[in-house]
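A.B. asks: Once you've had a glance at the structure underneath, I'll fire off some questions.
The values are calculated or read from the model by the stated rules, or taken from the named source; none is laboratory data. Fair warning: this is a prediction, and the values are worked out from it, not measured in the lab. Note that we place each Cβ from the backbone using ideal geometry, even for glycine, and neighbour counts take in every protein chain shown.
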Amino acid sequence: MRSLPDSTMRSLGHTGRRERKIVEGRYRTIRFPFDELEPPAFVMQAHWSLEQLLGYLRTWSATQAFITAHGSDPTEAITADLSGAWGKATGGRIVRWPLSIRVGCVVPAV
């Protein structure tokens with residue numbers, strides 16, 4: 001599995017949210033009053049079991065909002081599909097995701 005399917009993201013209420021669009025846009029839509037520098041690309045990586053991935057998905061604000069609104073955990077509805085895609089990786093899998101940052105400097109007034 002290369003990435004979480006769009007259907008999984010929708011099931012968790014994760015798509016279309018303003019906050020998600022900001023993250024996916026790498027924070028470029030936020031006003032940034034500095035001389036911007038281009039940082040190197042960063043990737044976070046962890047060695048997780050499927051249960052750890054599901055636990056991470058449960059930390060998302062969209063997942064928590066779904067639980068509050070509907071009284072049920074949306075990760076339960078996607079566990080079987082994710083398990084099938086995850087396969088028999090009993091030792092876990094490497095999970096990667098980008099870390100987006102904006103870097104700038106303050107140019108002193110002369």
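A.B. asks: Within the stretch 76-95, how many residues are under 22 Å from residue 46 (Cβ atoms) and either exposed (fewer than 10 other Cβ atoms within 10 Å of the Cβ) or among the aliphatic types (A, V, I, L, M) (or both)? Outline the logic, then answer.
C.D. replies: Narrowing the stretch 76-95 to residues under 22 Å from residue 46 (Cβ atoms): 78-79, 81-95.
Right, trim to either exposed (fewer than 10 other Cβ atoms within 10 Å of the Cβ) or among the aliphatic types (A, V, I, L, M) (or both) and you get 78, 82, 84-85, 88-91, 94-95.
Looking only at that region, the number is 10.
A.B. asks: Looking only at the stretch 62-75, decide whether some residue is on the phi > 0 side of the Ramachandran plot, surrounded by 10 or more Cβ atoms within 10 Å (Cβ to Cβ) and over 19 Å from the mean Cα position of the chain (by Cα).
C.D. replies: Taking the stretch 62-75 and keeping what is on the phi > 0 side of the Ramachandran plot, we get 71.
Right, trim to surrounded by 10 or more Cβ atoms within 10 Å (Cβ to Cβ) and you get none.
No, that holds for no residue.
A.B. asks: I'm trying to understand the selection: among the residues of the stretch 12-63, which are touching a Leu at 6+ places or on another chain (Cβ under 9 Å), at pLDDT below 90 and not hydroxyl-bearing (Ser, Thr, Tyr)?
C.D. replies: Once the filter is applied, which keeps residues that are touching a Leu at 6+ places or on another chain (Cβ under 9 Å), at pLDDT below 90 and not hydroxyl-bearing (Ser, Thr, Tyr), the stretch 12-63 yields 12, 14, 60, 62.
A.B. asks: Moving to a separate point now. For the stretch 19-61, which residues satisfy the criterion of being in contact (Cβ under 8 Å) with a residue 60 or more places away in the chain, surrounded by 12 or more Cβ atoms within 10 Å (Cβ to Cβ) and touching a Gly at 6+ places or on another chain (Cβ under 7 Å)?
C.D. replies: 32, 36, listed by residue number.
A.B. asks: Let me ask something else about it. Are any residues in the stretch 71-81 in a helix (DSSP H, G or I) and charged (D, E, K, R), and if so, which ones? Working first, answer last.
C.D. replies: First, pick out the residues of the stretch 71-81 that are in a helix (DSSP H, G or I): 75-81.
Residues satisfying the conditions are 76, 81.
A.B. asks: Any chance the stretch 82-89 includes a residue that's of a type in the set (S, T, N, Q) and outside any helix (DSSP H, G or I)? If you could, list the steps in order and put the result at the bottom.
C.D. replies: Step one: of the stretch 82-89, the residues of a type in the set (S, T, N, Q) are 83.
Now restrict to residues that are outside any helix (DSSP H, G or I): none.
No.
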